[in-house]
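Student: My questions will all concern the structure given below.
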Amino acid sequence: MIEKAVTVKNRAGIHARPAANIVKTANKFNCEIRIKKDNDEINAKSIMGIITLAAAFKTELILVADGEDEQSAVDALFNLFENKFEEE
Amino acid sequence: MKKFTILDLLGLDLKENDALQLKCIAGRAGLGREITVAYLDRPGLALAGYFDNFAYQRIQVFGRGEFAYIKKMIEEKNTDSLERFFSFPFPCCIFPYGAEPEEIFIQMAENSRCPILQSPLTSPELSQRLIRVLEGIFAPQQVMHAVFVEVFGIGVLIKGKSGVGKSEAALELIERGHRLIADDLVEIKRVSGNHLEGKGGNVFLAHHMEIRGLGIINITHLFGVGAIRDSKQVQLIVNLEDWDSEKVYDRLGSSEITEEILGVQVPCVDIPVKPGRNTPIIIETAAMNERLKRMGYYSAREFNQKVIRWLETDTDSENSLK
């Protein structure tokens, strides 16, 4: 299992479209991926879960992946956050 | 858990027999004080000057007795213990019956930045409601990735891997007249011992579902207000899983399988999913069967009793013929 901290870098925060992007990326991998915010932890393959996290601009999140392809999954998601979900 | 302050208490959206009808009449500067325990204290002894074991972490409720006593203290200009009382960092004072405390008392509260709340309810009623509300807030809780629906009055938590068809099954259940409580993210709290109450994580985003191919849909607008519910007791867990020809599924249903959530055992069924199997009808039947069990009727057990009785009578008649 690996963990990696990320920060939401796009101004609008994680609304529906970034959430869909995260789910699309997460679903390419077989491992279990979770996103943690404070005490909440949700499944990264669930759109409603991610939106409900209410991660606004500059929120710090932790990506947690567990499974065979965990490293590539975390890297892919991390890049997505870094690229501001290709929004700006 | 996040801090729970007096301001949060005032901001709670409570309805009907949970409404506290509180308003802040003084000490607004202290609204950020934190509430940490779900108990109340009647400060009679403290007001009389006895501060040993004073439960200052609790909310202080001033009933008729305390109210009359502070009035008398102020009339007699004997306010030493009141001053000492306000030196403790308790969360707030509450006056039921809509009672208005003396001006001097208000002034003391303002000086020590202690919030004074008032409610028109009677003190037993207010105490009951307040404890119930606070217990709900401090209850142990867990967030689960599942869909929560009410089927024939039974709260059914549908679990399973992402993509196994939880939301699709729930959608058909809604179409068949059952109710959605939460999709994807269910917040479960254990209240009053062993009662598990489940609800959606966020009120603003409640009652939406994500269906592959359709995207996000609003259940309230599509199916009407009769198709939704805010919260419900978790009474049955349905695990949806891909059909595994190697696995042995329960064929009789006579053994009681349970799954633990927050220390409470919840009846549980594993349902294999494969194309052509009508999952919603199976979930509906599982819910009805659960209701029967709650009424004391166990289908599988009764069936076996019948078989045993039949075998006995059959062998009896055979024996008598011989």
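The values are calculated or read from the model by the stated rules, or taken from the named source; none is laboratory data. All values derive from a computational prediction rather than experimental measurement. For neighbour counting, all protein chains shown are included, and Cβ atoms are generated from backbone atoms with ideal geometry for every residue, glycine included. In case anyone asks, the SASA skips ligands and DNA or RNA and just uses the protein heavy atoms, side chains included. Shrake-Rupley method; radii C 1.70, N 1.55, O 1.52, S 1.80 Å.
Student: Report the calculated FRET efficiency for B:Tyr97 and B:Asp230 (r = Cβ-Cβ distance, R0 = 25 Å), to the nearest 0.05.
Tutor: 0.20
Student: With both bridge residues required to lie in chain B, what share of the DSSP beta bridges run antiparallel, to the nearest 5%?
Tutor: Roughly 65 percent of the DSSP beta bridges within chain B come out antiparallel.
Student: May I ask what percent, to the nearest 5, of DSSP beta bridges between residues of the stretch B:239-322 are antiparallel?
Tutor: 50 percent
Student: Enter the per residue convex hull volume of chain A, computed from alpha-carbon coordinates, in Å³ rounded to the nearest integer.
Tutor: Dividing the Cα hull volume of chain A by its residues yields 73 Å³.
Student: Also, quick follow-up: Can you tell me the dipole magnitude for the protein assembly as shown around its Cα centre, using point charges on the Cβ only (Lys, Arg +1; Asp, Glu -1), in Debye to the nearest 20?
Tutor: Computed charge dipole of the protein assembly as shown: roughly 640 debye.
Student: Another question about this same structure. Could you list, in their original order, any pairs among B:Lys166/B:Lys247; B:Lys159/B:Lys189; A:Lys37/B:Lys199; A:Lys84/B:Lys161; A:Lys84/B:Lys166; B:Lys166/B:Lys199 whose Cα atoms are separated by more than 26 Å?
Tutor: With Cα atoms farther than 26 Å apart: A:Lys84/B:Lys161; A:Lys84/B:Lys166.
Student: Using Cα-Cα distances under 8 Å and only pairs 6 or more residues apart, what relative contact order does the stretch B:124-261 have, in percent?
Tutor: Rounded, it is 26 percent for the stretch B:124-261.
Student: Report the label-to-label distance for B:Trp310 and B:Ala29 in nanometres (one decimal), using points 7 Å from each Cα along the Cα→Cβ vector.
Tutor: With each label placed 7 Å out from Cα toward Cβ, I get 8.2 nm.
Student: Moving on to the next point. With a 1.4 Å probe and every protein chain kept in, tell me what percent of the accessible surface of the stretch B:140-301 is carbon plus sulfur.
Tutor: 52 percent
Student: First select every other residue whose beta carbon is under 14 angstrom from the beta carbon of B:Gln233; then total the charges, Lys and Arg +1, Asp and Glu -1.
Tutor: Its environment carries a net charge of +3.
Student: Let me ask something else. To the nearest 0.05, how large is the calculated FRET efficiency for A:Arg11 and B:Ser317 if R₀ is 56 Å and r is the Cβ-Cβ distance?
Tutor: About 0.10, to the nearest 0.05.
Student: Given the convex hull of the Cα atoms of the protein assembly as shown, what is a quarter of its surface area in nm²?
Tutor: 29.8 nm²
Student: Next question, about the same structure. Specify which residue in the list A:Ile35, A:Met1, A:Phe81 is farthest towards the positive end of the charge dipole of chain A, using unit charges on the beta carbon of Lys, Arg (+1) and Asp, Glu (-1), about the Cα centre.
Tutor: A:Phe81
Student: Then there's this: With a probe of 1.4 Å, find how much accessible area the protein assembly as shown has per residue, and write the answer as a whole number in Å².
Tutor: Roughly 54 Å² per residue, with all protein chains present.
Student: Here is a further query. Return the average number of partner chain Cβ atoms within 10 angstrom of each residue Cβ along peptide A:39-48.
Tutor: Rounded to a whole number, the mean comes out at 6.
Student: With an 8 Å cut-off on Cα pairs and a minimum separation of 6 or more residues, tell me the relative contact order of chain A in percent.
Tutor: Once normalised by length, the contact order is 44 percent.
Student: Now for a separate question. Taking K and R as +1 and D and E as -1, what net charge do the other residues with C-beta under 12 Å from the C-beta of B:Glu66 add up to?
Tutor: My count for the surroundings of B:Glu66 gives +3.
Student: Please give the length that would be gained between B:Asn278 and B:Lys15 if that part of the chain were fully extended, namely 0.36 nm times their separation in residues minus their C-alpha to C-alpha distance (nm, one decimal).
Tutor: Length gained between B:Asn278 and B:Lys15: 90.8 nm.
Student: Same structure, new question: Work from the charge dipole of the protein assembly as shown (Cβ charges, +1 for Lys and Arg, -1 for Asp and Glu, about the Cα centre) and give the residue of B:Thr122, A:Ile22, B:Met144 farthest towards its positive end.
Tutor: So the residue furthest toward the plus end is B:Thr122.
Student: Residue by residue through B:138-146, how many Cβ atoms from other chains fall within 10 Å of the Cβ on average?
Tutor: 2
Student: Let me ask something else. Based on the Cβ-Cβ distance from A:Asn30 to B:Gln265, what FRET efficiency comes out when R0 is 25 Å, to the nearest 0.05?
Tutor: For A:Asn30 and B:Gln265, the calculated efficiency is 0.20.
Student: Related question: Total Å² of accessible surface buried at the A-B contact, 1.4 Å probe, nearest 100?
Tutor: Summing both chains' loss of accessible area gives about 1100 Å².
Student: If I compute solvent accessible area with a 1.4 Å probe over the protein chains, what percent of it on the stretch B:4-137 is carbon and sulfur?
Tutor: 48 percent
Student: Work out, step by step, the length gained on full extension between B:Phe4 and B:Leu222: first 0.36 nm times the residue separation, then minus their alpha carbon distance; give nm to one decimal.
Tutor: That works out to 74.9 nm of additional length.
Student: Arrange the peptides B:126-134, B:305-313, B:177-185 so that the one whose residues have, on average, the most other Cβ atoms within 10 Å appears first.
Tutor: Result, highest mean first: B:177-185, B:126-134, B:305-313.
Student: Starting from 0.36 nm per residue, how many nanometres of slack lie between B:Thr36 and B:Ile104 once their C-alpha separation is accounted for?
Tutor: 21.7 nm is the gain from fully extending B:Thr36 to B:Ile104.
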